[in-house]
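Read the figures in this text as sums done on the coordinates, not as results from a lab. Given the structure is predicted, the values throughout are model-derived calculations rather than measurements. Neighbour counts are summed over all protein chains in view; Cβ atoms, including those assigned to glycine, are modelled from backbone coordinates with ideal geometry.
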Amino acid sequence: MVPEDADQGISQKIFYFHVPIALTAYACFGWGALKALLLLWKREERYDLESYVGIHQGTIFGALTLITGSIWARASWGVWWAWDSNQLVLFLVLFLFYSAYFMLRFSVEDGPRRANFCAVYALFGVALIPVSFLAIRLASDFIHPTVFTREGPQMTGTMFATFCVAWAAMTTLAYAFYRVELAGKRLDSNLRELREALTA
Amino acid sequence: MSGGDYLAAAYAVVLVTILLYVVIIAAKLVRLERETAELAELARARRDDG
């Protein structure tokens, strides 16, 4: 059993899924940007859908990060949100940036032009990931706790093991969702083509 | 609200989101299955017509 945090009590256990969800969101956005780069580089159509699904997953996990983080903030700091915490604000900016990706995607007609626009937009957003991740270390405020420092994780062995298991579980879940959603969208597209061929 | 209540609320949000996602994917799978059956029926009809 993981011990309760001496300072925050039981509410600190939100850490075991809030942080893995946040790291998974970063990974999904990064994955979406990588696929966007591959699209621009190799010009293979499949990367557009893979980039889109990656960013979609990132947005879902990003929303969960903001909600669980807000609940944790209320339990620990007594407020739902702290505008003076750079980490929170930069994550919100990252989330809103990638949320706007869908507005761009659905406002341009399907085709290579849309794929290129979306790929360039996804690549711009990836610059926000390291900024958001490092903000807490570069910032002068100390509202948001820093658990992972250059000296290693600032927690006990069982806490770190639990965190690693939760992180692995969340990453596996995101990967499973990614594969299922991608397969569904490809199947949808193939069925549409098949219907057009059969009814022509 | 106590710390335990906040923890339960955070867990509930994650669980409900995952369940919602699974339900949406399940609904989509049902739709794809129906469409596949329709197309198979259409293909069979075309084959029988010659």
Peptide A:58-70: average number of partner chain Cβ atoms within 10 Å per residue? 2
At R0 = 25 Å, how high is the FRET efficiency between A:W77 and A:S99 if r is their beta carbon distance? Nearest 0.05 is fine. 0.50
Set of lysines near B:K28 by C-alpha distance (under 26 Å), chain-local residues within fewer than 8 positions excluded: A:K35, A:K185
Obtain the nm distance between the two label points defined at A:M1 and A:V120 by a simple spin-label model: each point lies 7 Å from its Cα along the Cα-to-C-beta direction. 5.8 nm
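Work out, in µm²/s and without decimals, the Stokes-Einstein translational diffusion coefficient of chain B at 37 °C, 0.692 mPa s, Rh from Kirkwood over C-alpha pairs. Intermediate values should be presented prior to the final figure.
On the way: Rh = 14.2 Å.
In µm²/s, the coefficient is 232.
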Please work out, to two decimal places, the log10 of the ratio I(q)/I(0) at q = 0.09, 0.17 Å⁻¹ from a Debye calculation in which every Cα of the protein assembly as shown carries one identical scatterer. -0.49, -1.32
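Under the definition of partner shielding as Cβ atoms of other protein chains within 10 Å of a residue Cβ, what is the mean value for peptide A:170-179?
On the way: counts 1, 0, 0, 2, 0, 0, 0, 4, 0, 0.
Partner-chain Cβ atoms within 10 Å, mean over residues of A:170-179: 1.
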Which value in nm describes the separation of the simple spin-label points at A:E45 and A:S107, placed 7 Å from the Cα toward the beta carbon? 2.6 nm
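I need the calculated FRET efficiency for the pair B:V16 and B:A40, taking r as the beta carbon distance and R₀ as 35 Å, to the nearest 0.05.
Working: r = 36 Å, r/R0 = 1.03.
Calculated value: 0.45.
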Considering the options A:Q8, B:M1, A:V89, tell which one lies farthest towards the positive end of the dipole of the protein assembly as shown, charges being +1 on Lys and Arg and -1 on Asp and Glu at the Cβ, about the Cα centre. A:V89
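Taking only DSSP H segments of four or more residues, each worth -39500 (n - 2.57), what value at 222 nm results for the protein assembly as shown once the sum is divided by all its residues, to the nearest 500 deg cm²/dmol?
Details: 7 runs with 198 residues, N = 250.
That calculation yields -28500 deg cm²/dmol at 222 nm.
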Compute the length gained on full extension between A:C164 and A:A63: take 0.36 nm times their separation in residues and subtract their Cα-Cα distance, giving the result in nm to one decimal. 34.2 nm
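Partner chain Cβ atoms within 10 Å, averaged over the residues of B:9-19 - can you pull that number for me? Let's see the in-between values first.
Details: counts 6, 15, 5, 1, 7, 9, 0, 0, 7, 4, 0.
Whole-number average of other-chain Cβ neighbours for B:9-19 is 5.
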